[in-house]
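One structure is given here, and the rest of the page talks about it.
All of the numbers you see were taken from the coordinates with simple rules; none came from a lab. Remember, predicted model here, so these are calculated numbers, not experimental data. Cβ coordinates were reconstructed from backbone atoms using ideal geometry, including for glycine residues, and neighbour counts include every protein chain displayed.
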Amino acid sequence: MKQLLADRTKLIDASGIRKVFALAAELDDPVNFSIGQPGFDVPEVIKEAAIRAIRDGENKYSQTAGDEELRAKIAEQMRAEFGWAEPSVLVCSGLSGGLLLAFMTLVNPGDEVIIPDPYFVIYKHIIRVLGGRCVFVDSYPDFRLPVDGIAAAITENTKLIIVNSPANPTGAVYSAEELKALVKVAEERGIVVLSDEIYEKFCYDGPCASIAQYYDKTLMMRGFSKSYGMPGWRMGYVSAGGALREVIEEMTKFQQYTFVCAPTPFQKAAIAAMDCDVSGLVADYRRKRDLVYEGLREKFELVRPGGSFYAFVTAPGGEATKFVEKAIKNNVLVIPGSVFSERDTHFRISYTTSDEKIQEGVEILRGLV
Ligand SMILES: Cc1ncc(COP(=O)(O)O)c(C=O)c1O
């Protein structure tokens, strides 16, 4: 008899995170530092725009590449920010949808993709399923952009470099200088850089630089999930300047035969979202960042996160899984670093819960050292 499951199912190992959730299911009202989504809800004006769109019958398929008005608005922003004359824009089902389409479009079996480690989990799994090879470049212990390591990792087979700033899981924000140094390295070989900017609004110590400002072979990805509290609405977009127009066109072709389009009423709501000021919400997260950093720094080794809503903390004794099990037994849910890294020496805190819960969790963690 033919085996039921395709071989590629074995390429994805979700056991680490499943173990955490299994332990978590037994807890009553834990301090939940494990959730990768904002604690706030979608602002009312955006909800109203979605409801209006549904009532107005905006419930059919949109064009494959996305609602025309939304795409024009995104293009206008890209022109202003990056000086691209004619930005290509593809609206996708979350940034995750964009990642799948990008990797399908760019990665051949045997191609190498350079990824700073720690990294956002999805990259590794999709690239592997497509037959690509992930080349991880260690960015411990300070999590700065490892430009020299990336330069040393480039081979004939390098197809793509991934940059994620502000970063999940480390909270690192790369400076303009670091990004320009990477451009020099990528430019020499004409290597495309995929810039995952899902946390661009969560930047606490000054403006957030984008590599798209300095490099025309940047595939720029942003989304609405984190900035506007709508991860369940599945809204993201990809944009690029003229040098990568063909890439966006091919991604659009794949979208036509996979996702078809992003959710139509939420695309209408995303137009309203782009005019919505979320700086107040971000200021709350700056305060939460400070609560976590100031609360833990005496007892733990950790780098002050500059953005996103995560802190990546060294586990006592450098044994993350063991420490995470101990934390969970004490009612604090955190994720072991091995989920995001080839190492298991750190744990991730997501500080999207209430200030009171953050303080409670910080106290418990301090007591475990
Ligand atoms: C770095 C990073 N990229 C992409 C995503 C996916 O976001 P979306 O909800 O738009 O698919 C996430 C979500 O956790 C993320 O942390």
- Query: Looking at (1) over 15 Å from GLU197 (Cβ atoms); (2) part of a loop (DSSP other than H, G, I, E, B), can you tell me which one LEU145 breaks?
  - Reply: (1)
- Task: Output the qualifying pairs, or none if there are none: Cβ atoms under 6 angstrom, residues six or more apart or on different chains, first residue in the stretch 90-102 and closer than 18 Å to GLY132 by Cα, second residue within 8 Å of the ligand (Cβ to nearest atom).
- Result: SER96/ILE122; GLY98/MET221; GLY98/GLY236; LEU99/ILE122
- Note on the structure: Just one listed residue, out of LYS184, LYS180, LYS159, is more than 16 Å from the ligand (Cβ to nearest atom), part of a strand (DSSP E or B) and among the charged types (D, E, K, R), and it is LYS159
- Quick check, is ARG234 within 9 Å of the ligand (Cβ to nearest atom) and under 25 Å from ARG144 (Cα atoms)? no
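So that you can scan it fast, the table gives a plain yes or no per residue for (1) without any contact (Cβ under 8 Å) to a residue 40 or more places away in the chain; (2) touching a strand residue (DSSP E or B) at 6+ places or on another chain (Cβ under 8 Å); (3) farther than 30 Å from GLN63 by Cβ:
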site	(1), (2), (3)
THR258	no, no, no
CYS261	no, yes, no
ILE271	no, no, no
VAL278	no, no, no
ARG287	no, no, yes
VAL324	no, yes, yes
- Cβ-Cβ under 8 Å pairs, at least 6 apart or on other chains, the stretch 141-169 side over 18 Å from ARG343 (Cα atoms) and charged (D, E, K, R), far side outside any helix (DSSP H, G or I) and within 16 Å of the ligand (Cβ to nearest atom): LYS159/VAL113
- Taking the stretch 124-156 and keeping only residues that are within 16 Å of the ligand (Cβ to nearest atom), touching an Asp or Glu at 6+ places or on another chain (Cβ under 7 Å) and under 28 Å from THR9 (Cβ atoms), one is left with PHE136
- Query: Looking only at the stretch 73-90, which residues are surrounded by 13 or more Cβ atoms within 10 Å (Cβ to Cβ) and small (Gly, Ala, Ser)?
  - Reply: ALA75, SER88
- Message: Tell me whether the stretch 213-231 contains one or more residues that are aromatic (Phe, Trp, Tyr) and away from the ligand (no atom under 14 Å from the Cβ).
- Response: yes
- Among the residues of the stretch 162-171, is any touching a strand residue (DSSP E or B) at 6+ places or on another chain (Cβ under 9 Å), over 21 Å from GLY36 (Cβ atoms) and either more than 13 Å from the ligand (Cβ to nearest atom) or not acidic (Asp, Glu) (or both)? no
- Task: Please determine, by comparing only the residues of the stretch 201-212 that are in contact with a strand residue (DSSP E or B) (Cβ under 7 Å, 6 or more places away or on another chain) and under 13 Å from SER308 (Cα atoms), which one is farthest from the ligand (Cβ to nearest atom).
- Result: TYR204
- Task: Scan the stretch 90-109 residue by residue and report those that are more than 10 Å from the ligand (Cβ to nearest atom) and either farther than 14 Å from GLN256 by Cα or not in a helix (DSSP H, G or I) (or both).
- Result: LEU90, VAL91, PHE103, LEU106, VAL107, ASN108, PRO109
- Note on the structure: The correct count of residues that are surrounded by fewer than 23 Cβ atoms within 10 Å (Cβ to Cβ) and among the basic types (Lys, Arg) in the stretch 191-250 is 4
